[in-house]
Amino acid sequence: MNRRPHRQGLPAVLLLCAFATLVARGEALYGRTPAEGAAGDQATIIYRKVFKSSYPEFTEIKVSRSGGATYDIRQLSDTSTPQSAQISPALVTRIFDLSAKLHDFDGIDIEMHHRIADLGQKTFTYQRGAETHSVTFNYTLNQPAEQLLAIFDDLAREQTDLADLMRTMRYDRLGVNDVLQQVEKDYDNHLFLEPGQFLPALDQLASDTHFIDIARERARTLATRMRASQ
């Protein structure tokens, strides 16, 4: 009689251990830590740049572990209208790897601390649930920080070009070719990290007879090049 509870409880303990092992394997498989899995929190990296009297004056890009991103690029006097996008898993991994090299911005100083022109106040922020770490700088020589900054600057340039293209397609059909030339130039200079985002707009432009032929042909050629490079 005294041994029966012990014998009945043993399988339950084994089942709990097996379940915990499966959960741990699932977290490793999907790149989630136990804390993220338990709380349902999603880590997010945020880049913000404020540079008055420039264009744009305000840039904020948020990238989550899932690959979801939001862009808020505008003049400070404009209304905030963040746009959503999806970033490739490889680029998300690169962003979070660089953040990890910077200790997720916890207690670090990456400012050069020498007299230099104002290049805009830039801030990296790491968020996961109630955990938040930030670092702000004007200019840095820290290599991982420089690489992370270059990624976000390229993403901002890419999104600005895409917004310009879509706006001219809607409101200024005669100006579309000029914008396409800028898009093509930036693409040739390897400033786009996610060029596939341009393909729906380029395909639409290439097939729409309301646009001038030179713009349609340029859009068609550029879309072909982008697809070939993927």
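Every number in this text was worked out from the coordinates using simple rules, so none of it is lab data. As the structure is a computational prediction, the values presented were derived from the model and not from experiment. In this analysis, Cβ positions are derived from the backbone assuming ideal geometry, glycine residues included, and neighbour counts consider all displayed protein chains.
Using the Cα atoms of the stretch 172-230 to build a convex hull, what is its mean projected area in square nanometres?
On the way: hull surface 14.6 nm².
The number I arrive at for the stretch 172-230 is 3.7 nm².
Just subtract the alpha-carbon distance of ALA228 and GLN181 from 0.36 nm times their residue separation and send over the number in nm, one decimal. Show your work: numbers first, answer last.
On the way: separation 47, 0.36 × 47 = 16.92 nm, distance 1.92 nm.
Full extension of this stretch gives 15.0 nm more.
Any idea what log10 I(q)/I(0) is at q = 0.13 Å⁻¹ for the stretch 39-90, Debye with uniform C-alpha scatterers and no solvent?
Per q value, in the given order, log10 I(q)/I(0) is -0.36.
Starting from the 7 Å offset along Cα-to-Cβ, what nm value, one decimal, do you get for the label separation of GLU146 and ARG220?
4.4
Just the ratio, please: alpha-carbon radius of gyration of the stretch 125-229 over 2.2 N^0.38 Å, N its number of residues.
Values: Rg = 17.3 Å, N = 105, 2.2 N^0.38 = 12.9 Å.
Here the Cα radius of gyration is 1.34 times the empirical estimate.
Under a plain spin-label model, where a point goes 7 Å from the Cα along Cα-to-Cβ, how far apart in nm are HIS210 and VAL50?
Computed distance between label sites HIS210 and VAL50 equals 4.0 nm.
Given 0.36 nm per residue, what is the gain on full extension from ASN189 to THR123 after removing their alpha carbon distance, in nm? All intermediate terms of the calculation are to be shown ahead of the outcome.
Values: separation 66, 0.36 × 66 = 23.76 nm, distance 2.59 nm.
In short, 21.2 nm is gained.
Is there a pair in LYS62/LYS122; LYS62/LYS101; LYS52/LYS122; LYS122/LYS185; LYS101/LYS185 whose C-alpha atoms are over 23 Å apart, and which pairs would that be? Write out the running numbers ahead of the final one.
Details: LYS62/LYS122 14 Å; LYS62/LYS101 19 Å; LYS52/LYS122 12 Å; LYS122/LYS185 26 Å; LYS101/LYS185 33 Å.
Among LYS62/LYS122; LYS62/LYS101; LYS52/LYS122; LYS122/LYS185; LYS101/LYS185, the Cα-Cα distance tops 23 Å for LYS122/LYS185; LYS101/LYS185.
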